[in-house]
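See below for the structure under consideration.
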Amino acid sequence: YEYNLKPKRLTFFYLVFGLILFGLGETLLVTANIGVSPWFVLHQGLAFKTGYTIGMTTFIVSGIVLLLWFPLKQKPGIGTILNAILISIVIDLSLPLLPKPDDFFLQLLQVIFGILIIGIGSGFYLAANLGPGPRDGLMTGINKQTSLSFSLIRIILELSVVGLGFFLGGIVGVGTVLYAVGIGFSVSLGLFLVGKLYI
């Protein structure tokens, strides 16, 4: 599978716009403080343990995951590399600026809004088709090299990173559950909306 190395401007815009939205959505979950997405439980736990910013630990985990691509014979695209870099930057830049509500109802609303933003961002990112994100590429790579189903691989990986992240001090909570339940619908909505635009 060869990715486009010289994408059209609109395609590249979709990629960057999608990644910025994705980063903002994930940060909304972090600042809501009632549980983050599975991989972000690990990023957060590492940030608490190391003293690095959550953007930096996100970037480090992305780098480690990309190294696992080599034995799985996965090829990164422009989107894969920008995914690792841009999301990390957006998180650290937006973290001090986004609301940190104390009221549980407002926290819930922020998580739901964050999940929708992640889904719409994913729609733009996927429509650009310039390479999967490091974590998605890891899942598809394992899927190609084993007889395991994609959904089973996803469950095993995400439970593993949640467990490790929780052990390190990452926050597992209502937000984590809502993400697990709502992200599929949210990404489908994002793809639907982008499909209306992407002509």
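Of the residues making up the range 123-133, those that are outside any helix (DSSP H, G or I), touching a Ser or Thr at 6+ places or on another chain (Cβ under 7 Å) and under 20 Å from Ser188 (Cβ atoms) are Pro132, Gly133.
When Ser160 is tested against the conditions (1) exposed (fewer than 15 other Cβ atoms within 10 Å of the Cβ); (2) of a type in the set (Gly, Ala, Ser); (3) not in a helix (DSSP H, G or I), the lone failure is (3).
Exactly one residue out of Ile115, Ile64 is open to solvent by 20 Å² or more (accessible area, probe 1.4 Å), at pLDDT 95 or above, in a helix (DSSP H, G or I) and among the β-branched types (Val, Ile, Thr), and it is Ile64.
Restricting Phe59, Phe48, Phe70 to those that are within 18 Å of Gly133 (Cβ to Cβ) and either assigned to a helix (DSSP H, G or I) or touching a helix residue (DSSP H, G or I) at 6+ places or on another chain (Cβ under 9 Å) (or both) reduces the list to Phe59. Among the conditions (1) touching a helix residue (DSSP H, G or I) at 6+ places or on another chain (Cβ under 8 Å); (2) surrounded by 15 or more Cβ atoms within 10 Å (Cβ to Cβ); (3) in contact (Cβ under 8 Å) with a residue 60 or more places away in the chain, Gly77 misses just one, which is (1).
Are any of the residues in the range 134-147 outside any helix (DSSP H, G or I) and of a type in the set (S, T, N, Q)? I'd like the intermediate steps shown before the answer.
Here is the first cut: in the range 134-147, the ones outside any helix (DSSP H, G or I) are 146-147.
From what is left, the residues that are of a type in the set (S, T, N, Q) are 146-147.
Scanning the range 134-147 turns up at least one residue that is outside any helix (DSSP H, G or I) and of a type in the set (S, T, N, Q).
Within the range 173-199, the only residue that satisfies the criterion of being more than 17 Å from Val36 (Cα to Cα) and of a type in the set (S, T, N, Q) is Ser188.
Take Phe166 and decide whether it is modelled with pLDDT of 95 or more, within 25 Å of Lys49 (Cβ to Cβ), open to solvent by 20 Å² or more (accessible area, probe 1.4 Å) and in a helix (DSSP H, G or I).
Details: modelled with pLDDT of 95 or more: yes; within 25 Å of Lys49 (Cβ to Cβ): yes; open to solvent by 20 Å² or more (accessible area, probe 1.4 Å): yes; in a helix (DSSP H, G or I): yes.
Yes.
Summed over the range 83-112, residues that are open to solvent by less than 40 Å² (accessible area, probe 1.4 Å) and assigned to a helix (DSSP H, G or I) total 11.
Listed by first and then second residue, the pairs linking a residue in the range 181-199 that is open to solvent by less than 100 Å² (accessible area, probe 1.4 Å) to a residue that is at pLDDT 90 or above and not in a helix (DSSP H, G or I), with Cβ atoms under 9 Å apart and 6 or more places separating them unless they lie on different chains, are Ile183/Ser37. Of the candidates Thr146, Thr176, Thr140, the single residue that is open to solvent by 20 Å² or more (accessible area, probe 1.4 Å), touching a residue at least 60 places away in the same chain (Cβ under 8 Å) and not small (Gly, Ala, Ser) is Thr140.
The values are calculated or read from the model by the stated rules, or taken from the named source; none is laboratory data. None of the values given here were measured: they were computed from a predicted structure. We place every Cβ from the backbone using ideal geometry, glycine too, and count neighbours over all the protein chains shown. These accessible areas exclude ligands, DNA and RNA; they are computed on the full protein's heavy atoms, side chains included. Shrake-Rupley method; radii C 1.70, N 1.55, O 1.52, S 1.80 Å.
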